[in-house]
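The values are calculated or read from the model by the stated rules, or taken from the named source; none is laboratory data. All values reported here derive from a predicted model rather than from experimental measurement. Backbone-built Cβ (ideal geometry, glycine too); neighbour counts: all protein chains shown.
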Amino acid sequence: MLKRFSVENFKGFKDKITFDIGSPSNYGFHSEIIEGGCITKGIIYGINGSGKSNLGLAIFDVILHLTEKQKLLQSYDFYLNMSGRKSFAEFEYTFIFDGHELVYRYSKTNVDAFREESLSIDGEEVIYYDFQAKDGFTSLEGSDTLNVSIKNESPISRVKYVNSNSILVDNVQNQVFKKFIDFVDRMLLFYSLDSRGYEGFMNGSEGIAEGIVNAGKVQDFQEFLKENDIDYSLYECEVDGRKAIYCHFDNKDADFFKIASTGTRSLALFYYWYIRMKKASFVFIDEFDAFYHFELSEAVQKRVNEISGVQVFTTTHNTDLMNNDLLRPDCYFLLKGNKIKALSERTAKELRQAHNLQKMYKAGAFNG
């Protein structure tokens, strides 16, 4: 699980900002969304331009150099904060795996240019490399022979290099390292419209219809839509060599994606990723309900809440979701003034299950 993330001098974040999801409050309700001492479901609020999208890109910067999965490199233009005094951005991730803490730190001068990289497990630094001095080390058992070759001018991540070129001994430290690599490999970021793409988790540009058909989920998709008051008779077919989903009507059939509304197409995109989320580790959905009715937004969030073992965070402007029936005060985050804090941390008042969070938010109770 991701416990904490910090970034500084990246895009709109001139100063260091920390997203802490490893310090949940002691609430007696919705305890199922706390796993391993970490919050697994959360909603992030913030006015336009506050940095919600950039926070997602910052968290997913790690997949750019540690994985071979899908990358949205065009979204990383203007990588450094344009008002910052530093010539590099700094990232720090803290993870918890079976009670062991892994901290991964690095700095970059650009999206593909490292300055420094470090990885520690339970307080012991096991990989370090200074890309300017071209010197570093690894102490993971089984990576000993790499200490000579690691000291070269290759620009690639040394963590990735060690993972790809070592036969690590099966011990607790190396198991934690492998769990970290696996976690990053299964991270997923996607946007509410398919035209904006996705990052991490897999590769390719599979169409939504094709993906649903290939998963054998057309009828399940029909039931999913029906649960949300969208009633179509769907069937799969092949058109011009491509798999498609069609709607059956009394007089004529039609391609689902040609007759569906913007909101329904957005819901189809969510479903495409939803049936894959159980295999993910960390999911970030930017403005997930931009085209939903408020009741649909709540229904989708409830679906997300039911996925165990996966951390899922969404961004929205919809304050109707800000209620204790859906989540808890420590799972609603407000991004404001280069700080992101849970509602429970933004007030001195002791929040209880009976409190109307939306009403308090609109009254300015969480401006602290």
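Brief remarks on what is shown
- Residue that is farthest from E199 (Cα to Cα), among those in the range 278-298 that are surrounded by 18 or more Cβ atoms within 10 Å (Cβ to Cβ) and aliphatic (A, V, I, L, M): L296
- Test for D330: is it among the charged types (D, E, K, R), surrounded by fewer than 18 Cβ atoms within 10 Å (Cβ to Cβ), touching a helix residue (DSSP H, G or I) at 6+ places or on another chain (Cβ under 7 Å) and outside any loop (DSSP other than H, G, I, E, B): no
- Residue check: I245 meets all listed conditions (1) surrounded by 12 or more Cβ atoms within 10 Å (Cβ to Cβ); (2) modelled with pLDDT under 95 but one, namely (2).
- Residues located in the range 353-367, provided they are within 15 Å of D330 (Cα to Cα) and in a helix (DSSP H, G or I): L357, Q358, M360, Y361
- Looking across the range 21-42, the residues that are more than 14 Å from K341 (Cβ to Cβ), of a type outside the set (K, R) and either assigned to a strand (DSSP E or B) or outside the structural domain of L57 (by TED's automatic domain parsing) (or both) come down to I34, E35, C38.
- Residue check for N81: surrounded by fewer than 17 Cβ atoms within 10 Å (Cβ to Cβ), more than 18 Å from the chain's Cα centre (by Cα) and not charged (D, E, K, R): no
- Out of I47, I96, one residue alone is within 30 Å of E124 (Cβ to Cβ) and assigned by TED's automatic domain parsing to the domain that holds N318. It is I96.
- Restricting attention to the range 342-360, the residues being in contact (Cβ under 8 Å) with a residue 60 or more places away in the chain and touching a strand residue (DSSP E or B) at 6+ places or on another chain (Cβ under 9 Å) number 2.
- Single match in I39, I43, I47 (criterion: surrounded by 20 or more Cβ atoms within 10 Å (Cβ to Cβ) and either at pLDDT below 95 or under 19 Å from F95 (Cα atoms) (or both)): I39
- Meets criteria (part of a strand (DSSP E or B), under 17 Å from T315 (Cα atoms) and assigned by TED's automatic domain parsing to the domain that holds S107) for T18: yes
- Beta carbons closer than 7 Å, at least 6 apart along the sequence or on distinct chains, pair a first residue in the range 318-341 that is at negative phi with a second that is buried (at least 16 other Cβ atoms within 10 Å of the Cβ) and basic (K, R) for L327/K41; C331/K41; F333/K341; L334/K341; L334/R346; L335/K52.
- Test: residue in the range 238-257 that is more than 25 Å from L102 (Cβ to Cβ), free of Cβ contacts under 8 Å to residues at least 24 places away in the same chain and in the same structural domain as A290 (by TED's automatic domain parsing): no
- Selection from the range 196-228 of residues that are without any contact (Cβ under 8 Å) to a residue 60 or more places away in the chain and either in a loop (DSSP other than H, G, I, E, B) or β-branched (V, I, T) (or both): S205, E206, G207, V213, G216, K217, V218
- Restricting attention to the range 59-108, the residues being touching a residue at least 24 places away in the same chain (Cβ under 8 Å), among the acidic types (D, E) and part of a loop (DSSP other than H, G, I, E, B) number 2.
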